[in-house]
Amino acid sequence: TLGGGMQGGSFTVGESAFLLDGSPFRIVGGAMHYFRIHPLYWRDRLRKMKLMGINTLDTYIAWNLHEPKPGEFKFDDWLD
């Protein structure tokens, strides 16, 4: 799985480092704009990010795509 999510672990801020389960932890982040990538490639891109050592994902919510008109919402196809 792509998982790696914390299950019962602890994340704290130490004096000079973040700590994951008591050990120093470096956050290595990367961004993926889901609305610019075909959904068929999402898993591939996430896997590649993980292989590069990225452990924190950043994304934007393109709300103008999800609500093109006030009160009209879209969460299908590429916006799922």
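If I compute solvent accessible area with a 1.4 Å probe over the protein chains, what percent of it on region 36-80 is carbon and sulfur? Please report the intermediate quantities before stating the final value.
Values: 2240 of 3870 Å².
Whole-percent figure for carbon plus sulfur exposure: 58.
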* To do: Could you grab the relative contact order for the chain? Cα pairs under 8 Å, six or more apart, rounded to a whole percent.
  => 25 percent
* Asked: Can you give the FRET efficiency for residue 45 and residue 72, using 1/(1 + (r/R0)^6), R0 = 25 Å, r = Cβ-Cβ distance, to the nearest 0.05?
  -> 0.30
* On a 0 to 90 degree scale, rounded to 10, what angle separates helix 42-51 from the longest Cα axis of the chain? -> 20 degrees
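Taking only protein heavy atoms and a 1.4 Å probe, what accessible area per residue, in Å², does the chain have with all protein chains in place? Don't skip to the end; give the middle numbers.
Values: 6530 Å² over 80 residues.
Per residue, the chain has 82 Å² of solvent-accessible surface.
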* To do: Enumerate the residues in region 35-50 having an amide nitrogen under 12 Å from the point lying 7 Å beyond the Cα of residue 80 toward its Cβ.
  => 39-42
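The values are calculated or read from the model by the stated rules, or taken from the named source; none is laboratory data. These numbers come from a predicted model, not from an experiment. Every residue, glycine among them, receives a Cβ derived from its backbone with ideal geometry; neighbour counts consider all protein chains shown. Accessible surface areas use protein heavy atoms only, side chains included; no ligands, DNA or RNA. Shrake-Rupley method; radii C 1.70, N 1.55, O 1.52, S 1.80 Å.
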